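What follows is a short report on a single structure.
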């Protein structure tokens, strides 16, 4: 099993994906270092999800838009995995 965290992917896509490629025994490519569609770089990620600009800052900002109730529900539902995956401080609670 290979864990690929979104935070790692937006911080350094090439580094994050190289581990997956190595595990699968396939070559890495320059196109892995940024979001692409059919090999063409994308400036904005749409219409997939709520993160339009794939950056750590945009990811944090989007998480900050969650209500206190949403954050509490996420924290409760994911409590077994928060520490193991490095999310103890990602969602305030």
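We did not get these values from a lab; they are worked out from the coordinates using the rules stated. Since we're looking at a predicted model, the values are computed, not measured. Here the Cβ is made from the backbone with ideal geometry for all residues, glycine too, and neighbour counts use every protein chain on show.
Counting 0.36 nm for each residue step from residue 65 to residue 45 and taking away their Cα separation leaves a gain of 5.4 nm. From least to most packed, judged by other beta carbons within 10 angstrom and beginning with the fewest, 34, 2 follow the order 2, 34.
Computed over the chain, the per-residue total of -39500 (n - 2.57) for DSSP H runs of n ≥ 4 gives a 222 nm mean residue ellipticity of -12000 deg cm²/dmol, rounded to 500.
With a cut-off of 8 Å between alpha carbons and a minimum separation of six or more residues, what is the relative contact order of the chain in percent?
Numbers: 62 pairs, mean separation 16.1, N = 93.
It rounds to 17 percent for the chain.
Taking a ≥ b ≥ c as the square roots of the eigenvalues of the Cα gyration tensor, an a/c ratio of 1.5 or more together with a/b larger than b/c marks the range 13-52 as prolate.
Mind pulling up the Rg/Rh value for the chain? Radius of gyration and Kirkwood radius, both on Cα.
Values: Rg = 15.1 Å, Rh = 14.9 Å.
Answer for the chain: 1.01.
Principal semi-axes of the equivalent ellipsoid, √(5λ) from the alpha carbon gyration tensor of the range 53-93, are 18, 14, 7 Å from largest down. For the residues 82, 42, 69, a GNM of the chain with alpha-carbon springs under 10 Å puts the largest fluctuation on 69.
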